[in-house]
Amino acid sequence: MHRALEIPEIPPMIVSHFDPDNYELGSGENVDSPTLAALARCRVFHEAAVNQLWKKQETLVNLIRCLPEDISNIKDFEESDLVFHRPPIPSDWERADYYGRRVKICTIDEVLLHDLAAVMKLLRYRGANNYLLPNLVELHWVPTFTDALLDIDRVLGPRLSHLSMILLSGKLVEQFLATISRTRPSLTSIQLQANIDSVDVVILSRFVCAFPTLASLHLTSAIDADAILHLGKLGGFKSLTFDMSDASVLPGGLPRGQLFQDLSAFAFTGLSGEGLSLDRVTRLVQSSGRSPLTSFKIDFISLPSATSLEALFCALSEHCSRDALHTIEITFSSIQIPDTKSLVSSRGWTHLLLFPNLSSVQLLYPYRFDNEDMHAMATAWPKLEALELMSPRQNDPSITLRALLSFAKHCPKLESLQICLDARAVPSLALDDDPYPLHPALRRLFMEESLITHAKAVAASISCLFPNISFVHSSDPVGPGGDDDDPEFAAQ
């Protein structure tokens, strides 16, 4: 045995490169689990390999299988309901405890484990504070019934920091929230999926206010002003996500510029642009006091007015640190055809040009950009690595191939570009701009719905600027009267 393996830190470092969830694409075969199982038979790697194999569990069944065979019908569990023949005694748990203390991440899916209530009943024999998973850090719970919620404390260890679950309606949910807030006040990350009818706003808000060290919160329902103020005043609170269509239920009377001093990520998904929804989001942004946001994401299911969206961009530029923001995503996940009231003007988008360190930008939202706007983006975002722009849909694009020159000149790190172009006219970029810039970084160019008449000429023009490009995609490459060569192949 090599002497380096006697250093305690070396075997875990080696084992960490093997992932028991690594499945080969295509065949579906597990690539790393057999290797970890083999390492577990070696004295030097045994502890590290077993830790890695049991670190993440998708079910509690594996631990129940560690109990003596005469306790239950666990071998036939998949074909029949789980039945326990006798109560376990303390020594029966030794093997389950040996592996249970190694579990750090666990998913409990009642759709798959239909007898969870029976398992929870069995755990009652362990007694109080005798956790099945004492070192559990992260729990994901997908319930179908709420009966097992009252016994959840028998699974959670004292080190739990991340809780993610779906909340069903019923009185047991209120008891569960009260139990968790009382017994696990040190939770740092919470993700709760609940509709408006599942949990009362006051109860959910009281639950949120019970955690003094919360760093990340993801909710699908509203909380009141007291909960927002609590989060906004927490030191170390980093990430806030709301996944809900109607944000008008959020509080509006928040103090401007006084909250969320440490917030680094803000996201709002599935948002309706109608009514007061976007206004409430804007007021939430206005409440921050120059937050060091690194990521801002908002996804619409229906379009807001251009005026309200411009107000959001203005609030973002005034109330968040302009130097910190690296990622911005404004997306629209609908087939709705926008009207003129929803199209944001070039002047409206200029607020986003005030963030010079943006590296990833998604503007998958109806726009009316032209070459000048592309030049403004390229010069304002010199650190850009990925840019995605939505097709204008109802109108021909106003951006031409000349816009690519701006990105080639001013965005040396740009690796991926999605843009809709009017490429029917192909300029000789090499002659018009001598010497023309060579941009070695760009690898992927997506040109969905671009207007292309002569694919070979377009490919040659693109290759002049981006010699290392390896992928070009156009969903509708040929215009009227053009050739039949797809630029995806012509570029090669």
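The values are calculated or read from the model by the stated rules, or taken from the named source; none is laboratory data. Values in this document were obtained by computation on a predicted structure and should not be read as measured data. Quick reminder, even Gly has a Cβ in these numbers, built from the backbone with ideal geometry, and neighbours come from all protein chains shown. Areas reflect the complete protein model, heavy atoms only, side chains present, ligands, DNA and RNA absent. Shrake-Rupley method; radii C 1.70, N 1.55, O 1.52, S 1.80 Å.
Here is a yes/no grid of residues against (1) closer than 24 Å to residue 236 by Cα; (2) open to solvent by 10 Å² or more (accessible area, probe 1.4 Å); (3) of a type in the set (D, E, K, R); (4) not in a loop (DSSP other than H, G, I, E, B):
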| position | (1), (2), (3), (4) |
| --- | --- |
| 157 | yes, no, no, no |
| 168 | no, yes, no, no |
| 176 | no, no, no, yes |
| 205 | yes, no, no, yes |
| 223 | yes, no, no, no |
| 226 | yes, yes, yes, yes |
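Once segment 94-109 is narrowed to residues that are open to solvent by 10 Å² or more (accessible area, probe 1.4 Å) and not hydroxyl-bearing (Ser, Thr, Tyr), the residue that is modelled with the lowest pLDDT is 109. Among the residues of segment 300-335, the ones that are under 24 Å from residue 262 (Cβ atoms) and under 18 Å from the mean Cα position of the chain (by Cα) come to 6 in all.
Name the single residue, out of those in segment 256-287 being of a type in the set (A, V, I, L, M, F, W, C) and open to solvent by 20 Å² or more (accessible area, probe 1.4 Å), that is nearest to residue 328 (Cα to Cα).
265
Is it the case that residue 300 is within 13 Å of residue 365 (Cβ to Cβ), open to solvent by less than 10 Å² (accessible area, probe 1.4 Å) and not in a helix (DSSP H, G or I)? Considered against the rule, which asks whether it is within 13 Å of residue 365 (Cβ to Cβ), open to solvent by less than 10 Å² (accessible area, probe 1.4 Å) and not in a helix (DSSP H, G or I), residue 300 comes out as yes.
Only a single item in (1) more than 22 Å from residue 225 (Cβ to Cβ); (2) in contact with a Pro (Cβ under 8 Å, 6 or more places away or on another chain); (3) at pLDDT 90 or above is not met by residue 332, and it is number (3). Tell me whether segment 239-247 contains one or more residues that are touching a Ser or Thr at 6+ places or on another chain (Cβ under 6 Å), assigned to a strand (DSSP E or B) and under 22 Å from residue 192 (Cβ atoms). Yes, some residue in segment 239-247 is touching a Ser or Thr at 6+ places or on another chain (Cβ under 6 Å), assigned to a strand (DSSP E or B) and under 22 Å from residue 192 (Cβ atoms). In segment 383-392, of all residues being closer than 14 Å to residue 419 by Cβ and either at pLDDT 65 or above or open to solvent by 20 Å² or more (accessible area, probe 1.4 Å) (or both), the one that is farthest from the chain's Cα centre (by Cα) corresponds to 391. Within segment 86-100, residues that are within 17 Å of residue 47 (Cβ to Cβ) sit with their Cβ atoms under 7 Å from residues that are assigned to a helix (DSSP H, G or I) and aromatic (Phe, Trp, Tyr), at 6+ positions apart or across chains, in these pairs: 99/54.
Can residue 219 be described as surrounded by 18 or more Cβ atoms within 10 Å (Cβ to Cβ) and over 19 Å from residue 235 (Cα atoms)? The answer is yes for residue 219. Here is the figure for segment 255-275: residues that are more than 19 Å from residue 293 (Cα to Cα) and either in a loop (DSSP other than H, G, I, E, B) or charged (D, E, K, R) (or both) total 3.
Of the residues 352, 414, 363, which single one is in a loop (DSSP other than H, G, I, E, B) and under 23 Å from residue 325 (Cβ atoms)? Break it down stepwise before answering.
Working: 352 fails: in a loop (DSSP other than H, G, I, E, B); 363 fails: in a loop (DSSP other than H, G, I, E, B).
After applying the criteria, what remains is 414.
Look at (1) crowded, with 16+ Cβ neighbours inside 10 Å; (2) at pLDDT 85 or above and you find that residue 290 fails only one, number (1).
Looking only at segment 160-177, residues that are at pLDDT 90 or above and not hydroxyl-bearing (Ser, Thr, Tyr) come to 3 in all. Against the conditions (1) crowded, with 18+ Cβ neighbours inside 10 Å; (2) polar (S, T, N, Q); (3) closer than 13 Å to residue 352 by Cβ, residue 317 satisfies every one except (1). When residue 274 is tested against (1) of a type in the set (D, E, K, R); (2) over 24 Å from residue 352 (Cα atoms); (3) modelled with pLDDT under 90, just one condition goes unmet, and that condition is (2).
Of all residues in segment 178-203, how many are outside any helix (DSSP H, G or I) and either open to solvent by less than 30 Å² (accessible area, probe 1.4 Å) or modelled with pLDDT of 85 or more (or both)? Please lay out each step first, then the result.
Kept after step one, since they are outside any helix (DSSP H, G or I), are these residues of segment 178-203: 184-200.
Those still in the list that are either open to solvent by less than 30 Å² (accessible area, probe 1.4 Å) or modelled with pLDDT of 85 or more (or both) too: 184-194, 198-199.
Number of matching residues: 13.
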